[in-house]
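Since every read-out is calculated from the coordinates, none of them should be taken as a lab result. On a predicted model such as this, the values are computed, not experimentally measured, just so you know. A quick note on method: Cβ atoms are made from the backbone with ideal geometry, for glycine too, and the neighbour counts reach across all protein chains shown.
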Amino acid sequence: MSRRKTGRRLEKRIAKILEEYGYTVHLTQYSFREFVDKTGKRRVFSQSNDIFNCIDIIAIKPDEKTLWVQITKDTNVRRKLLKLEDIEWNFGFSRIWLVIGRTQNNRVERFDIYELTPTYQLNKIGHIYRGKIYLEQETKG
């Protein structure tokens with residue numbers, strides 16, 4: 001399975017879990033571009049339309065800060081953090097999560113949840129396992 005399809009599957013899994021926790025979720029959409037190459041072969045490319053070039057999901061819930069989520073299976077967390085650092089977040093109204101899929105036996109079994117702090121550090125705040133969110137500390141804002 002391609003990286004794009006794997007990533008999209010993970011995004012949908014997280015969106016579904018957030019919805020089960022009462023969030024209204026917006027999942028970024030893909031756009032497609034089609035053209036014919038020099039040999040006459042039809043080519044189709046898909047392009048992610050990440051919000052701010054880094055966010056996969058926006059989730060809202062009454063009386064809570066807006067939740068902005070970047071989801072990855074990539075082990076290069078620094079690259080993802082650099083993208084998040086490019087944005088001037090309003091931490092008074094926003095929570096920013098980096099959700100990292102952890103692979104076991106070639107399947108993502110668990111997601112670790114990191115929250116971006118106002119000093120642009122990542123703090124591990126919990127994990128997702130078997131469709132449930134386990135927060136290690138209360139981070140409701």
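Spatial offset of the range 51-82 relative to the range 6-36 amounts to 12 Å, using the alpha carbon center of each.
A Cβ-based charge dipole, computed about the Cα centre of the range 3-135 with Lys and Arg at +1 and Asp and Glu at -1, lands at about 900 debye.
Comparing Phe35, Val77, Asn49 along the charge dipole axis of the range 3-135, the residue lying farthest to the positive side is Phe35, per the Cβ-charge model.
Could the peptides 122-132, 52-62 be put in order, highest first, of the mean number of other beta-carbon atoms found within 10 Å of their residues?
52-62, 122-132
Here the chain is scanned for GluC sites (Glu not before Pro) in DSSP loops (not H, G, I, E, B) that have at most 14 other Cβ atoms within 10 Å, and the longest stretch holding none of them is 1-63.
Which entries in the list Lys38/Lys73; Lys41/Lys83; Lys5/Lys41; Lys38/Lys80; Lys5/Lys61; Lys16/Lys38 go over 32 Å, if you measure between the two C-alpha atoms of each?
Lys38/Lys73; Lys41/Lys83; Lys38/Lys80; Lys16/Lys38
So, R0 is 25 Å and r is the distance between the beta-carbons of Lys73 and Arg43; what FRET efficiency does that work out to, to 0.05?
0.45
Between Gln104, Gln121, Gln29, the residue with the greatest mean-square fluctuation in the GNM of the chain (Cα pairs under 10 Å linked by springs) is Gln104.
Need one word for the range 46-141: rounded, prolate or oblate. Basis is the Cα gyration tensor (sqrt eigenvalues a ≥ b ≥ c); a/c below 1.5 gives rounded, then a/b vs b/c decides. The partial results should precede the final answer.
On the way: a/c = 1.55, a/b = 1.16, b/c = 1.34.
The shape class here is oblate.
Placing pseudo-labels 7 Å out from each Cα toward the beta carbon at Asp86 and Val36 gives an inter-label distance of 3.5 nm.
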